[in-house]
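Colleague: Below are the structure tokens for one structure; questions will follow.
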Amino acid sequence: IPGASGLEVCTRIKEDMLRNLESRGFTIEDYLKKNEQKQEDWEREVRENAERRVMSSIIVQRLSDELKIEVSDEDLNKQVGEMQHVYKNDKGATEQLQDPQVINSIRNRMRINMTMDKLVELNRPHAKVVKKPAFAKEEKPAKKATKKAPAKKAKK
């Protein structure tokens, strides 16, 4: 979220979540009740998520700068063209693809992806191959043998 402040990110997270809930026919009150959460707790959680996003964004921007990663105008135009083709029947989407802020957002997303790809490439030689699964199946404890009680003799 290049250039965005923590407050802006926090507001976006809240708006996105409220829109998502609304689209599914829920309110924030429904969400809080279902999750047994108070409004203040939710606000704190959103604020913490926003702070993490901003910090992550700053780190990735610095890595991009350090690695000298840039998105060429040619690559950006190609990506926007592909998106316009995909959304050619959606007038709202094609109009959005003319908005300089949207185009800048696409450029930033491309730069982030290129940075992540470069980090993977640079670290591939240092990666260790793990031969056993990361999440081994839980072993069940062996059942203890139990002695059966002797059968009761029938009274005659």
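The values are calculated or read from the model by the stated rules, or taken from the named source; none is laboratory data. Just so we're clear, the structure is a prediction, and the values are computed from it rather than from any experiment. For neighbour counting, all protein chains shown are included, and Cβ atoms are generated from backbone atoms with ideal geometry for every residue, glycine included. Heads up: the accessible areas ignore ligands, DNA and RNA and are worked out on the full protein's heavy atoms, side chains in. Shrake-Rupley method; radii C 1.70, N 1.55, O 1.52, S 1.80 Å.
Colleague: Would it be correct to say that Asp65 is at pLDDT 95 or above, open to solvent by 80 Å² or more (accessible area, probe 1.4 Å) and either more than 26 Å from Glu8 (Cα to Cα) or part of a helix (DSSP H, G or I) (or both)?
Modeller: yes
Colleague: Also: When you scan the range 34-51, how many residues do you find that are assigned to a helix (DSSP H, G or I) and surrounded by 11 or more Cβ atoms within 10 Å (Cβ to Cβ)?
Modeller: 11
Colleague: Among the residues of the range 13-22, is there at least one that is within 30 Å of Leu122 (Cβ to Cβ), open to solvent by 50 Å² or more (accessible area, probe 1.4 Å) and either out of contact with any Leu (no Cβ under 8 Å at 6 or more places or on another chain) or among the aromatic types (Phe, Trp, Tyr) (or both)?
Modeller: Among the residues of the range 13-22, not one is within 30 Å of Leu122 (Cβ to Cβ), open to solvent by 50 Å² or more (accessible area, probe 1.4 Å) and either out of contact with any Leu (no Cβ under 8 Å at 6 or more places or on another chain) or among the aromatic types (Phe, Trp, Tyr) (or both), which makes the answer no.
Colleague: Being open to solvent by less than 70 Å² (accessible area, probe 1.4 Å), in a loop (DSSP other than H, G, I, E, B) and at pLDDT below 95, is that true of even one residue in the range 80-89?
Modeller: no
Colleague: Which ones in the range 1-29 are more than 19 Å from the chain's Cα centre (by Cα) and at pLDDT 85 or above?
Modeller: Hits for the range 1-29 are Glu22, Ser23, Arg24, Gly25, Phe26, Thr27, Ile28, Glu29.
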